[in-house]
Structures are given as structure tokens and as C-alpha cells.
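Let me begin by presenting the structure, written as C-alpha cells, before commenting on it.
The values are calculated or read from the model by the stated rules, or taken from the named source; none is laboratory data. Just so you know, these numbers come straight off a predicted model, no measurement behind them. Glycine also receives a Cβ, built like all others from the backbone with ideal geometry; neighbour counts cover every protein chain displayed. Ligands, DNA and RNA are stripped out before the accessible areas are found, and what is left, the full protein with its side chains, is counted by its heavy atoms. Shrake-Rupley method; radii C 1.70, N 1.55, O 1.52, S 1.80 Å.
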Amino acid sequence: MWRGLWTLVTRAARGPRSPRPCTRQGSGVPAAGAGATIFALSSGQGRCGIAVIRTSGPASGHALRSLTAPRDLPPARSACLRLLSHPRSGEPLDRALVLWFPGPQSFTGEDCAEFHVHGGPAVVSGVLQALGSVPGLRPAEAGEFTRRAFAHGKLSLTEVEGLADLIHAETEAQRRQALRQLGGELGHLCHGWAKTLTKALAHVEAYIDFGEDDNLEESVLERANSEVRELELALGAHLRDARRGQRLRSGAHVVVAGPPNAGKSSLVNLLSRKPVSIVSPEPGTTRDVLETPVDLGGFPALLSDTAGLREGAGPVEQEGVRRARERLEQADLILAVLDASELASPSSRNFLDTIVALAGAGSPSGNSQRLLLVLNKSDLLPPGGPDPSPNLPPHLLLSCLTGEGLDGLLEALRKELAEVCGDPSTGPPLLTRARHQHHLQGCLDALRHYAQTRDLALAAEALRLARGHLARITGGGGTEEILDVIFRDFCVGK
Amino acid sequence: MFSLRSCGPWVAASLTKKRLTLARFSGDSAAPLATKFDVIVIGGGHAGTEAAAPAARCGSRTLLLTHRVDTIGQMSCNPSFGGIGKGHLMREVDALDGLCSRICDQSGVHYKVLNRRKGPAVWGLRAQIDRKLYKQNMQKEILNTPLLTVQEGAVEDLILTEPEPEHTGKCRVSGVVLADGSTVHAESVVLTTGTFLRGMIIIGLEMHPAGRLGDQPSIGLAQTLEKLGFVVGRLKTGTPPRIAKESINFNILNKQMPDNPSIPFSFINETVWIKPEDQLPCYLTHTNPKVDEIVLENLHLNSHIKETTRGPRYCPSIESKVLRFPNRLHQVWLEPEGMDSDLIYPQGLSVTLPAELQEKMIMCIKGLEKAKMIQPGYGVQYDYLDPRQIAPSLETHLVQRLFFAGQINGTTGYEEAAAQGVIAGINASLRVKRKPPFVISRTEGYIGVLIDDLTTLGTNEPYRMFTSRAEFRLSLRPDNADSRLTSRGYKEVGCVSQQRYERASWMKSSLEEGISVLKSIEFSSSKWKKLIPQASISIDKSLPLRALDVLKYEEVDMKLLATAVPEPLKKYIKCKELAERLKIEAIYESVLFYQQQQIKEVQQDEALQLPKDLDYLTLRDVSLSYEVREKLHFSRPETIGAAGRIPGVTPAAIINLLRFVKTTQQRQAAVNNLPNTHQCLCDTDGLEERQL
């Protein structure tokens, strides 16, 4: 991730000192030697009729023609209605407004195209996939459009000042996003693959650098080859599976958390207007993470009900608590629920001191998570009494039983989600998914290339490329890492 | 791999022969004995000789100061040059008209290219070298170089003066003080003291200071450097014992013959001095459990191994091999030390046990049962200076016009030393002429990778070149070093001879022409199949194939291709080297296209220069964490590209730095655009207000 960011940063940084001539007509295949063309969903995640997908780069014209084929490019900077279809399968995707902005008179200064499509997740995901299949196009990294604009002198220096902060924030958002994607099985898979690949690469490199002088047997290479073959099979299988359609997980992740029996499940049921979770007066009723897609104040969200956080419960519940904590890490917004009448209880205090304090105050690095503190069961408080908790951070009072305070909560949620979804970097899990798929496919292609190559220097280059693709998902992959494996696994030197 | 010739009681006799007279030798007989030179190079090892030669070739009056003239060109460790990665460095040194490759072509006794089956990008040119011949030939070369004076003497101290205001650094070096108290002045000084800084030799539990008897110059110098504020670290290395040739039973060992024909190291040589059939073989044997036993039972007698000083991971002593990888048979190559040498060098048997145990250990090994040890192996510990304190030109940040090259920077190996020597010599000379420094980027050569790694990452073990360190390995090949560097050396520096330049230019343009001709010839795959039936061309491809694509096939070479399509290809097989190089270009063509894109990106980062006088610790208007400031302050990266490679420097920090650089650039541009530029230059503050 670092490497990717780094390239972007410097690409952005080069600035307009050597303006690249843009392919004005953008007809045909992109000019050799130009940078990659990127695409992304540019509109926010709010409930809207129209979603805007943007491309930037020399292959933009080619992409536009591929999806609207066989028609010519629309006139510059005027909207046209076109039928979009998948360039490979020909499957129709949507009727959409398309716009063509030849560089340099565009947002980024490069050739740009815009697709205004209907806002459903299926359509958006279909168009993104179609764009991904056009040669020369790849999903944009977070903030990459802005950086390109900077690189082509479309942003002033003052605007650039915000870029460092933006990158910081995006790194954080990307981290959370990556965690979310990498949490669970896919994460284990990716890390496993990266480990195998690093080892295979290290062994090939060792064979090149030390094979002749030292005690490295031919079997080193054979082992690496068989590892690569297995990896190839695993990646191929995974990608076929992924194409059949992973469950869409669109929307902001809102996680309801709190000590046991604070009324988390009641709140989830209230917000989703359906009985998602079993509710009982018994603490520890919810043991697993329950997810439900909801519409909160106009924003799509994935609401997760989690097990109450406490120590010393049975093994099943402990597993639930572990999952709850994992989910908290990945949340865009935490709904922290406490029992208003039990604020002094140890579990409440503990929860306040850990989760709430940490998220609210923000860590020194500024990586704070959004959190709304809700005091439930306000109906149990004496009417007209003093504020039960003058020392607490800002909070809302609610009674899931009577529904009192619900409007206030919804309003607060709407505000928070507007912030979350307005940030373009957190929005598109669709895009993250596309990005993963892009890099996994790139990795697989490189591995296949490795298998076909006789020249060992070229073969190693293919593995380096493959490792580079995985590194964009999992990080790592530097020279030192490779050398460490070499010196750990072999006795080399004279 | 250190400039210590020998050690301990075995050589005490030769060390007592004290040299008091100052002898001076000059390739330039007309030159008077001066006390002022343009460039002084301290040390006559592989870095020192390579530094002195180009400095003189660039036209600087140069003095090479060495303890003894008869040790110039001494190969103090292994009797070989080159190898994988190291051969690449030698080709690049040669492309800049350096010495070691040419001398090796005159002094080898067994030439062999490693990695023959693994692709030309990773071929490792290597040769066993006759120590005596190498030294003779090197001395002949050095003593006959115009403008180069060689003087015997030990350097005790540096002469320091006020710094030049337009450069960073707290003082400037202007000469050296010799052990006899005399001084020699110079415009720049290159320090190539190898392992001499506080060097210690270790055998078993015995330790000897490594300076020669009667003089301890490098201790004085080490103190001066430390006082100046250089951060010093300590490294260790070792060398194997030497064995009498006639005491080895070669008949029962694996014999390795040299290549036929021999491939020369230098671009300007078509052959080496000796025919393959007259060359000497090498032999292979292995360690066994008895060796492990002796090592493990005597660890208490081995202080070198117990020390915490970092040794190399890849050139380990037999002790560390046994400790880290027990119960294995380790290779031992028995290498000749020269045509008429009675010694054999057991590569792989570097050891610091007490001498009698070394002999016992040797005699457990197959073929060495009756071996006579002539000289024991030993370990060396020495000071090195953290190379993050030098710029890519190898000039130190602290002291202006002082350059470091070789083991003093934490590297190991003759080739690594030679590579730095050339760059230091060139830049010491350019500095005198007030010309911009000559820097090789990591996109241009292994020399660039080496120096960039050292200056941005530093090292905590002796640094050795591997091909895996080069991210653009497919572009930086041994075959094309001349196309990458020779013209730069000729045009920017003047260290390359006319003859070499013309040869390299002819080759480069012929290659370009050849590639474009090969691209222009297109036939259907079935026609190619008919023309060259030997090639495994699949005919189901409907697209036409270019001759360049056909040349990629393993079975196809230029000769075959020129037989199939004589016009216009036959002219390209007249020169064998050209034909071979075209084949290599074809193999890598498709990947090189993408690699060129990446290279361009890196080069663009490197075009973004950071001002050299930035004080990162106090720099205002840039938001940087203290940790990042400290790192930047220590390494002083010259470009945004280098800054980004420093571990711990975050993307956000880079953006902030960039903003700073861009603002500065804009100001600078505004200044340049104004009339009467000279008056405004120092008035940037006022200018800023005007701009705003």
C-alpha cells in the first residue's frame, strides 16, 4: 500500500514541469508510453438516482468507445445518451448520459470521460467491471484523481497544502478498508499467498545469485516452481469464484457495540424496523455478529449487532466478543450503547474507558474513529431528574422501549453518515473489490508468465511483478525481505 | 577482502623492515616534486588505484599516497575477480575506463562466466587471477599514468580550513599531514583506507593491531574523523588459510575447467592474454561432520566468533556456517593463486581458530588429508564510517572536498571498492574544476544501486552486490554497460579515452539500427517456420511475426536469422559481439519496454532536487515529524526519489517536502525571470512578498 501511495505521491509531485501531450482525439488504443488510465465511482454513496463514474488518462477515449461501441466519441463537453454494454460479452449494462472531456481542458488535465448511470449497485458494479476489462484501465487509488489534477497544474499550491492531510486521512481510510476486506478468510488467503510467493521469489533469487558458487541444488528451483504452480491454481480458483459474485457489501459500516444487556439488539431492531436480533433481558443473548443492510437517514449502511463486551463468559460468547472487537476495528461509525441506569457498573465503566475514550479522543496520530454515544433505557431514569452523567462525552438519550429520542438519534446518524459517505475514499467498497480483483488477476497473469519463461532472469522478473501486485493488497515485498529469506534458508557464500 | 597483507608471527619478519625514506614515483617524468596537488588519494588498494587513475585522466594533478609502492594492486583476500553482480560492477567500471577489468584480462589464470544457463542479464563474469601478475600489471599502469604521482608515506592527519560558503559542511579539507610531520596540500582528498581504521587481526584468542610495526597512522586518522563528528561503526570479516599446492591430492577431487573461449572483462578486449588450454583448473571438495566437531569443540578458543560485531551473512566463516547450518556438507573450492604460485586458496574455509586447530581441521577434508598449511586463516575487525554521511558523489556531508571510497564505507569486495573508487576519483577531480558531480542513478547501473543503497539506507554488515538488489536488473546487464555509461563518462567527465568512446558509440548506434531493422522485417509465422525449421514457432498465430520476435526463440541466433533473410541482416553478423548483443536485446525486448516506463518514473523523482543546504532540524513552514527530520538530517538525500527510499519517511512528509521544493523553485524561477538577476538573488524574502 505504501509503495502504491508513494508512486502516486511522486507522480503528483512532479507537477507541470513537463506537460505530457494528451491524445486529443483519444481514438484507438492508447499511445504507448503514456501513464495508466484510471477509473472510479465519483459520486457519493447517498441514495441517489444517478451515479457518476469517471475515467482519466490517455485510454479514456478508447474506454468510452469500447463501452458505447461502435459509435464515435461524443462532441467534447456535451452530454449524450448512449447505451452502455460490456465490451467483451456485449451484454447491455444501462442507458446512460456520457460526457467526453479531452485534455487538457478537464478536471485532471488528462483525457477524461464521465458515465452518468442509474444508481443501483448492480449497474455500478457492472460498469466498473466493464471498464476494468478495457486494456490500459485500472481502478484508481484513493485520491488519485486529485493527484493527477495536481500533477497537471490544475490545482493551486494552496490546494496542494491540503493534499498531505488528505493522504494521511486516506491512508487511514485505506487501512480500515483493507482491514475490512482482509479481515476473515480473504485476508488469510492473501497473506498466505504473499508469504508463499515471497519465499518462491527469494529462492529463485538465491538460485540466481548463489546457485553456481554455492551449495544450492537444482531442487531449490523445482520447489519454487511447484509452489508457483500451486499458487497459480489457488488464485485461478479464487478469481473464478469471485467473478460468480461475492455478496455486495455496499454502504457505510455502522457497528453497534456496548456492554452486555445495554439494549444493542433492541436498537438494531428499532433502526432496521424488523426483528433482526433476538432480544431478551438476559445478558449475553447476542453471541455472533449479525448484519443487516439498512437505510439510515437516506444513506445505505450495513448495521452490525455485536456481542456485549465482557470478560469471563463461556467460550462461545468469548468468540463472539472477539468477533465484536474485530468488527469495531473495521467500523466507519460506532454506535456505542450504554444502559443509562447502569452507568456506574464495572462493564459500563470499562467500556467507557476503553472503546469510547479511545475512539472519541482519537489516538495521538489522529486516527480517530467516528462514534456516537447512546444512553439507552432513558425510561428507567427518574423523570425530570438531573443529567445522569454530567462527566460523559457528548451523548444522546434514547429509550428503545418508548421510542423517545429516536428522532434525535436519526438526525445525529444522518449527520455522521453524511460525513462518512461524503468522503470519497471510504465510499466505494465496490471499487476496493475491483482493485483487489485487478491486482489478483495481475498476479495470476504474471505467475503464468513465469511458468512459460525459460530465461531465469525473465522468470524472476515475472515473480517480482506478481509479488508487486500482491504487495498492493498486503504490503511488503521489498528487497530486504527477499534477502532475509535467502539468508535464513540457505548457507550461501564462500 | 581487506588491504591487510598478512598477519601475526608468520609475517612479523617482513613487517620489521621499516621504510623511512620517502620515495616518489611519477608517471609524468617532467613533473617537479610538488607539495601541492589537485587531488590526493590515500591508499593504494582497489578503491585507491581506481580513484587515482580517472582523477589524473580528467586532467587533475594527482598524488597517490600509499604505505608501500610494492603493495599497490595487492589482492589481499581471494585470488579472483568478478562473479554474479560483481561482474556487472566490473563491466561498469570498465565502461568508465577504469582499470581492474583491463588488468584482469592480462592477469587471469582461469576465466569462467557463471550463470550461463540463467539468462544473459544475470551472467557473472569471473576469473581466477594471478596475484603476482595483477600487482605487476596494476603497478605498471599506475606508475605510467600521466599527471599521477605516487608517494610512499603514512597519513597522520587532515589539514582543515574554513568551509566554502556556497556549500554545506562545517569545514574544508585542504591537504594531509604525513607521519614525518611534512604536509602536502590539495584541492580535494579521497580516503580509501580499507580496514586500516583501527584494524585488528584475530587468530584464536590472539589479537594484533593491524597497522604495520612502528607506525599506527590509521589510528590518528580514525581519531580525527571521530572528532569531526563522523559516526563510526565496526565490522568484521575473515580469510581462509593458504595450503601448499603439492600437498593436495587433486586426483580424487572434482575438477572444474575454464570456459573455452574465455570471455574478457573489458569491452575493448576481444580476447584475454592466455589461451583456454593453458589456463589452470579449480577443484571442489566438501567439509564433513569432523570439521563441524572441531569447530564446535573449540568455540571457547575463538574470540572472533563470540564478538557482537556484524559480519557478512553471505561470506560467512566456516564457524558461522557450522553454527547456523549444522550437519551439512559445505563446499570448499580449491583455487590457484597464480601460474607459478605454490599456494592454493580454499574458498569457503574462512576461519579464525588457533592455527594448530586450523591445520587439524583442514586435514579432515577429502583431498587435504596430507595438506600443509602455509599460512593460517584469520579474522579482521575494523572501523567503518556510516555511509549515510556521504553524498552520492561520495563527498562527505561534514567535510567539504573529502571523499570516501571502498571498505571505509562498509562494503566488502574488490569490485565494490573499485566501483566506488572510480566515482570518488572522478568527483574529486570535478570538484576541483567546479563542475557538477557525476552521479550514476540506480536506474543506470549497479554502481548507482550500490551507492544509493549505501547513502540512503546505510549498512550494518559488510555490503556486497547481488543482482537481486537491482530492481531494473533486466536493463542493467553486463553486455550493455558501455551503452549505459561510456558516453556519459566521455562527455560529462572526460575520463574515457577517445578510442573507447568511439567504439561504444559505434556499438550503440549499430545496435539501435539493428533492432529497428529486425522490427521492420515481418512475415507470417508459417513463412518463418519454413525459413527456420529449427525454431519451435507455433503457426496458429494469425498475426505476422517480426524478425525480432523470431530472434527471441532459444534455438535462433543472428547467424541463423541472417541465413534465412540474408538481406538486410547479413551485415549484422560480421561483428560477433554485435550479433550476440542483438540476440540479448531481443530476449528482453518486451519486458524492457515496461521497465523503461518505470525507469522514467524513478528518474523523474530524481530530477526533483532537494536543496543541499536545507537544515531539516530547524526548517520552518514544513510540517515534518521530529523522527523524519532526524532521518533526513542524517542522510541528506539529494532528491525526492532518494528521500522516499529512506525507511520511515512517510508519504505525507514527502508531499510536504515537495510543496516546499516547488515553492522554492517557483521563487527561483521568478528570480531568474527578473531583469538584473544577480542583484536579486540574495533577496528572496523581499521577493516572496512581491510575489504574494
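Peptides B:593-606, B:420-433, B:324-337, B:379-392 ordered by packing proxy, namely the average of other Cβ atoms within 10 Å per residue, highest first: B:420-433, B:379-392, B:324-337, B:593-606.
Between B:ALA470 and any residue 5 or more places off or on another chain, the built amide H atoms are never under 5 Å apart. When the charge dipole of the stretch B:608-669 is built from unit charges on Cβ atoms (+1 for Lys and Arg, -1 for Asp and Glu) and taken about the Cα centre, the candidate among B:PRO647, B:THR664, B:THR618 whose Cα reaches farthest toward its positive end is B:THR664. Modelled label positions at A:GLU227 and B:GLN534, each set 7 Å beyond Cα in the direction of Cβ, lie 3.7 nm from each other. Distance between the 7 Å Cα→Cβ label points at B:LEU284 and B:ILE515: 3.6 nm. Among the residues of B:462-469, the average count of other protein chain beta-carbon atoms within 10 Å of the residue beta-carbon is 5. Only helices enter the 222 nm calculation for chain B: every DSSP H run of n ≥ 4 contributes -39,500 (n - 2.57), and dividing by all residues gives -11000 deg cm²/dmol, rounded to 500. Peptide B:113-123 has a mean shielding of 6, counted as Cβ atoms of other protein chains within 10 Å of each residue's Cβ.
Both chains summed, the buried accessible area for B and A stands near 5000 Å², from protein heavy atoms and a 1.4 Å probe. Between B:LYS571 and B:LYS366, full extension at 0.36 nm per residue minus the direct alpha carbon distance yields a gain of 68.5 nm.
Binning the C-alpha pair distances of the stretch B:242-378 at 10 Å intervals from 0 yields a P(r) profile of 11, 38, 30, 16, 5, 0 %, listed from the shortest bin outward. Screening chain B for whole DSSP H helices of 30 Å or more along their axis (Cα) with average Kyte-Doolittle hydropathy at least -0.5 returns B:651-673. For the stretch B:348-416, GluC sites (Glu not before Pro) meeting the loop criterion (DSSP other than H, G, I, E, B) and having at most 16 other Cβ atoms within 10 Å: B:GLU369. In this structure the amide hydrogen of A:CYS400, modeled in the peptide plane, comes within under 5 Å of the amide hydrogens of A:LYS377, A:SER378, none closer than 5 places in sequence on its chain. Each Cα pair under 8 Å and six or more residues apart adds its sequence gap; the mean of these over the residue count of chain B is a relative contact order of 16 percent. When each of the peptides A:325-338, B:289-302, B:124-137, B:396-409 is scored by the mean number of other C-beta atoms lying within 10 Å of its residues, the order from highest to lowest reads B:396-409, B:124-137, A:325-338, B:289-302. Between B:VAL190 and B:ILE40, B:VAL41, B:ILE42, B:PHE403, the built amide H atoms are under 5 Å apart, and every one of these is 5 or more places off in sequence or on another chain.
Net charge dipole, the stretch B:242-378: roughly 520 debye, given to the nearest 20, about the Cα centre with Cβ charges of +1 for Lys and Arg and -1 for Asp and Glu. The stretch B:497-606 has equivalent-ellipsoid semi-axes of 27, 20, 10 Å, by the square roots of 5 times the alpha carbon gyration tensor eigenvalues, sorted largest first. Peptide B:603-609 shows a mean partner chain C-beta count of 3 within 10 Å per residue C-beta. Computed from phi, the 3J(HN,Hα) profile of the stretch A:462-467 under the Karplus parametrisation 6.51, -1.76, 1.60 (θ = phi - 60°) reads 4, 5, 4, 5, 4, 5 Hz, with x in place of Gly and Pro. Per-peptide packing, taken as the mean over residues of other Cβ atoms within 10 Å, places B:615-628, B:482-495 in the sequence B:482-495, B:615-628 from highest down.
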